Protein chains: 2
Amino acid sequence: MLKYYIFALLLQTTYGWFFNYPNPGEFTYGEVWPLPLNVTTFNNFTHNINPTSFKFTTQLTNCDILQQAFQRYQKWTFPGNKTSLSAPVSTITLSQINVQVTKGCDQGYPQMGMDESYTIQLNPTSTSATLKANEIWGAIRGLESFSQLVFKDSNNNFYVKTTTISDSPRFPHRGIMLDSSRHYLSTGIIKQNLDIMAINKMNVFHWHLTDSDGGFSYVSSRFPDLSAKGAYTPKHVYTPVQIKDIIDYARLRGIRVIAEFDTPGHMTSWEPGRPGLLATCYDKQGRNDTILKYIIDPTVDANLQFIGQFFDEALNLFPDNYMHFGGDETSTYQQECWLDNPTIAAWMQQHGMGKNNTALLIYYLSNLVKQVQASSKNASMIFWQEVLDQGVARDSSHLFIMLYNPIWQSYYNCDPAGFTGTAAQKQLVLGGEACIWGEYVDGTNLIPRLWPNAGAASERLWSDVSQTQDANAAWPRFHEHRCRMLSRGYQVQVPNAPDFCPDYWDPPSFF
Amino acid sequence: MLKYYIFALLLQTTYGWFFNYPNPGEFTYGEVWPLPLNVTTFNNFTHNINPTSFKFTTQLTNCDILQQAFQRYQKWTFPGNKTSLSAPVSTITLSQINVQVTKGCDQGYPQMGMDESYTIQLNPTSTSATLKANEIWGAIRGLESFSQLVFKDSNNNFYVKTTTISDSPRFPHRGIMLDSSRHYLSTGIIKQNLDIMAINKMNVFHWHLTDSDGGFSYVSSRFPDLSAKGAYTPKHVYTPVQIKDIIDYARLRGIRVIAEFDTPGHMTSWEPGRPGLLATCYDKQGRNDTILKYIIDPTVDANLQFIGQFFDEALNLFPDNYMHFGGDETSTYQQECWLDNPTIAAWMQQHGMGKNNTALLIYYLSNLVKQVQASSKNASMIFWQEVLDQGVARDSSHLFIMLYNPIWQSYYNCDPAGFTGTAAQKQLVLGGEACIWGEYVDGTNLIPRLWPNAGAASERLWSDVSQTQDANAAWPRFHEHRCRMLSRGYQVQVPNAPDFCPDYWDPPSFF
């Protein structure tokens, strides 16, 4: 087998190294992405592995997370193939991996701080491997790593790289933000994205559910008019049942779902189902109704009550302890829709706020915080940076990193802790997110546009920074990883200049 | 029914008009893209049409093109639905369209100059429509237009806009260029692209088959080493059988396949299967082998003979009267690989060419032209502009237009005849192509990246320029057209800021 690959590599060196392109055939075999903390390989020794007889085993009973993961990894470990076609080449065949979880099965939902560490023991002389984790979440991560140690040759013989791994993530929060407001994303697309997140060991789905642009797709049971009047059509919505289904799908993959309902700005799509919720805005000539309503009118008590009831329902629907309350780009709207509105301006004068927009923002946020705390004792509140920039809500802040660049190397090179600051400040960084807004993105292009590039961020967020300094050095592993996702059936796009994967993408037939 | 749509439109006007976005729900119902030359509608009168009982009929017998088109349009006219769900709303139901072709069925392949004109007669009082064309190629275009007159409401009731059309294209050459060299494209992806081309009435598939970058995917029967040693893997190739299959698939859709084998430059991928074909190149310090071989060594007679035999096979395989012989970016390579190569330079001196690279280029091209003419009397030769810029092969030139811009409006606004020139010069413009190179494109992102935007070019190339001046005015039709392709199962991406289609994209399930 070694001979085979050396030959293949020699054949491929004639191309691609020009124009600073990487070699088109440059990919690893059986390497793990994102890079585990500690990896011991045994001189490139490999076991045979037989797709039809190999077993995932565990002593854990009645554990839906593990049983469903076994089913998934039976497919993902041996994509597109049921049998080995040729005689084994290695001297030893791996017959099973046994999964041991110290704390047993978690019947709840993954939360910030879950233990994702795991070890894989796969020794040169053993016919069985062991995966150990403290929590089920670590077991899921370890299964993914194990599946990535498996590779095949061009005759569809499967091998597993004889490797021992001890691994844990660098940051606890490793997220993808999807925007389903500007363009609707089907639940099928969202689930496919959750699959790919799991393959990249990402653990937070930040769901940007509402915005000014786009339809109001979230169905509130208490306020059904919001989607009945504010969604694009009755088909372009997420019902509570569908949302629970997505949350459960994410749970089985160790992924938290953090909902975002952006307030007090970016709320235009709320207005059709809740007339009077938003402040009338005025242009420079003092004319109203020529500027779209974006921001809530917090001087109306009914509006504050509505917000409390709205979030009470949402906090009960989404089991994660964190929720995102927006706060994006409020300052412009505050000027046009609060200060330039004579009724609101008069109210502010009466309440001793003068012309201080920030005072009215704090008034709104203080109410919000009180109501959220009344609804949920565990709720931690997340905001966009603009709220912090106005000097409010400092104590509930978390730091995230985002990038707009379509080149995977720029994600790879972006370090959330790479700023100038003290060790204590860097300790406050919880992780990062790759965010994709939906102005030009819907279900047709989300997956190919987001992946595999967001996977570059996953290595930055999971792996030891000192071992993952160089995107060029990482490329062959990243290339294998992209080809692996392709083989598993995910439409992840080509990340680099001329190259190829062993299995190319073919459109699923739809007739 | 009219009531229904007015209500829907009123509902939608609350969004999207801000930030200069078009209204998300702004699309037409039953309008044709690209715009036909003459359209008469009868005060928005519509017929009912029943998917289960409607018939495509013809007097033509044994016509594979028409029979297969009927099958296709039975699906495409009524996407995703088999039955009308509710009672008809219109007073009259269209029961059939009868297709009449004056010249009968063409058993050959579509060629430059084919007649694509057609008329559709669909009167307010008639229960059957008539499609007339001189040639089968016009009948295919007419079937596409007819299918686009059909639309459905949100209850899946189908209607057909009562419309009479008389139509013919502005330009005879309306093409898409795909690059399958840098990244391999499966035959499934290529066929899917041919489907979408037919929906946009585009009639030339320009197939950029070989390049310096990438693998040599074309399998030559006479020179099998070219792909055996030059392709990425044995799976990343197009065999003669596969190529014939694609040509026949295109024929059934009235699409010509014009192959491009780029010579004398951009030939690096030919070298592994044909050592010695290319000229050794030298850098500024006179060292060889530090610059990749790109261009043929035309001073070796065996190389000229090989080229003649290679194209003899290709000209027999591809039935179109036109073939593309490249000529892209030869000048740099000529300096490094011809003039700086001492053996070639000496040969040029001996043959009275001095240091005149263009003389050697003409020597190569004259041989090529002679050999092509010996192989095929009908062959017309296409080259990239660079060859013309060097003052050779003027008499075999055709003009094409390309664009690199990802915004559909820029394609829409680009007029191939919009240059400063005489009427006689403009008469020489045969049409245009939307070209997508493969540096960052493979099967995963080709369709969403190319479509629907390339469809904007299709209106520019088909329709009367005086009726199609304004992309904003065209948007509602373009939006319907994109949604139509989506409903038919094609993964064409979102072309504009926040909007929606009645049927959103869902990933085909792959497990």
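The values are calculated or read from the model by the stated rules, or taken from the named source; none is laboratory data. For clarity, every value in this text was computed on a predicted model and none was experimentally measured. With ideal geometry, Cβ positions are generated from the backbone for all residues, glycine too; neighbour counts draw on all protein chains shown.
If you take the residues in region A:267-293 that are assigned to a loop (DSSP other than H, G, I, E, B) and charged (D, E, K, R), which one is nearest to the other protein chains (Cβ to nearest Cβ)?
Ranking the candidates gives A:Lys293 first.
If you go through region A:439-462, how many residues are out of contact with any Gly (no Cβ under 6 Å at 6 or more places or on another chain) and either more than 8 Å from chain B (Cβ to nearest Cβ) or in a helix (DSSP H, G or I) (or both)?
16
So for region A:185-201 (the condition being outside any helix (DSSP H, G or I), of a type outside the set (A, V, I, L, M), surrounded by 22 or more Cβ atoms within 10 Å (Cβ to Cβ) and more than 14 Å from chain B (Cβ to nearest Cβ)), does at least one residue qualify? Lay out the reasoning, then the answer.
Pass one, region A:185-201, residues outside any helix (DSSP H, G or I): A:185-186, A:200-201.
Applying the additional criterion that residues be of a type outside the set (A, V, I, L, M) yields A:186, A:200-201.
Then keep just the ones that are surrounded by 22 or more Cβ atoms within 10 Å (Cβ to Cβ); that gives A:200-201.
If we keep only those that are more than 14 Å from chain B (Cβ to nearest Cβ) too, we end up with A:200-201.
Scanning region A:185-201, I find at least one residue that is outside any helix (DSSP H, G or I), of a type outside the set (A, V, I, L, M), surrounded by 22 or more Cβ atoms within 10 Å (Cβ to Cβ) and more than 14 Å from chain B (Cβ to nearest Cβ), so the answer is yes.
Residue pairs, Cβ under 8 Å, 6 or more apart or interchain, first in region A:247-259 and surrounded by fewer than 20 Cβ atoms within 10 Å (Cβ to Cβ), second charged (D, E, K, R) and in a strand (DSSP E or B). List them.
none
Does A:Gln74 satisfy the condition of being within 12 Å of another protein chain (Cβ to nearest Cβ), over 28 Å from A:Tyr411 (Cβ atoms) and modelled with pLDDT of 90 or more? Give the steps one after another, and end with the answer.
On the way: within 12 Å of another protein chain (Cβ to nearest Cβ): yes; over 28 Å from A:Tyr411 (Cβ atoms): yes; modelled with pLDDT of 90 or more: yes.
Yes: the conditions hold for A:Gln74.
How many residues are in contact with a Leu (Cβ under 9 Å, 6 or more places away or on another chain) and at pLDDT 90 or above when one looks only at region A:325-338?
3
Could you say which residue among B:Lys201, B:Lys235, B:Lys229, B:Lys152 is among the charged types (D, E, K, R) and assigned by TED's automatic domain parsing to the domain that holds B:Thr46?
That would be B:Lys152, the only listed residue that is among the charged types (D, E, K, R) and assigned by TED's automatic domain parsing to the domain that holds B:Thr46.
Pairs only if they're at least six apart or on different chains, beta carbon under 6 angstrom, first in region B:268-295 and at pLDDT below 85 and surrounded by fewer than 19 Cβ atoms within 10 Å (Cβ to Cβ), second aliphatic (A, V, I, L, M) and not in a helix (DSSP H, G or I); list them, first residue then second.
Final answer for the pair search is B:Asp283/B:Ile291.
Name the strands (runs of 3 or more DSSP E) wholly within region A:85-173 that hold at least 2 residues that are touching a residue at least 40 places away in the same chain (Cβ under 8 Å)?
Ranges flagged: A:96-101, A:118-121, A:150-152, A:158-167.
Scan region A:296-309 residue by residue and report those that are exposed (fewer than 12 other Cβ atoms within 10 Å of the Cβ) and either under 31 Å from the mean Cα position of the chain (by Cα) or among the acidic types (Asp, Glu) (or both).
A:Asp301
Filter region A:129-146 for residues that are touching a Ser or Thr at 6+ places or on another chain (Cβ under 6 Å) and either surrounded by fewer than 23 Cβ atoms within 10 Å (Cβ to Cβ) or outside the structural domain of A:Leu37 (by TED's automatic domain parsing) (or both) and give the result. Outline the logic, then answer.
Filtering region A:129-146 down to residues touching a Ser or Thr at 6+ places or on another chain (Cβ under 6 Å) leaves A:132, A:134, A:138.
Within region A:129-146, A:Lys132, A:Asn134 qualify.
Before we move on, is B:Ser181 in contact with a helix residue (DSSP H, G or I) (Cβ under 9 Å, 6 or more places away or on another chain), part of a loop (DSSP other than H, G, I, E, B) and more than 14 Å from chain A (Cβ to nearest Cβ)?
So B:Ser181 fails the test.
Test B:Asp499 against the stated conditions and say whether it is within 8 Å of chain A (Cβ to nearest Cβ) and buried (at least 24 other Cβ atoms within 10 Å of the Cβ). Even if it seems obvious, please write down each step before you answer.
Numbers: within 8 Å of chain A (Cβ to nearest Cβ): yes; buried (at least 24 other Cβ atoms within 10 Å of the Cβ): yes.
The answer is yes for B:Asp499.
Considering only region B:423-438, state which residues are assigned to a loop (DSSP other than H, G, I, E, B) and within 14 Å of chain A (Cβ to nearest Cβ). Spell out how you get there, then give the answer.
The initial filter retains those residues of region B:423-438 that are assigned to a loop (DSSP other than H, G, I, E, B), namely B:428-430, B:437-438.
Within region B:423-438, B:Trp437, B:Gly438 meet the criteria.
How about region B:127-157: which of its residues are hydroxyl-bearing (Ser, Thr, Tyr) and either modelled with pLDDT under 95 or at positive phi (or both)?
Of everything in region B:127-157, just one residue is hydroxyl-bearing (Ser, Thr, Tyr) and either modelled with pLDDT under 95 or at positive phi (or both), namely B:Ser154.
Working only within region B:219-245, note down all residues that are assigned to a helix (DSSP H, G or I) and away from chain A (no Cβ under 14 Å). Break it down stepwise before answering.
Going through region B:219-245, the residues assigned to a helix (DSSP H, G or I) turn out to be B:225-230, B:240-245.
If the condition is that a residue be assigned to a helix (DSSP H, G or I) and away from chain A (no Cβ under 14 Å), then B:Pro240, B:Val241, B:Ile243, B:Lys244, B:Asp245 are the ones that fit.
Search region A:368-393 for residues that are modelled with pLDDT of 95 or more and pair each with any residue that is aliphatic (A, V, I, L, M) when their beta-carbon atoms are under 6 Å apart and the residues are at least 6 apart or on different chains.
A:Val372/A:Ala379; A:Ser375/A:Leu315
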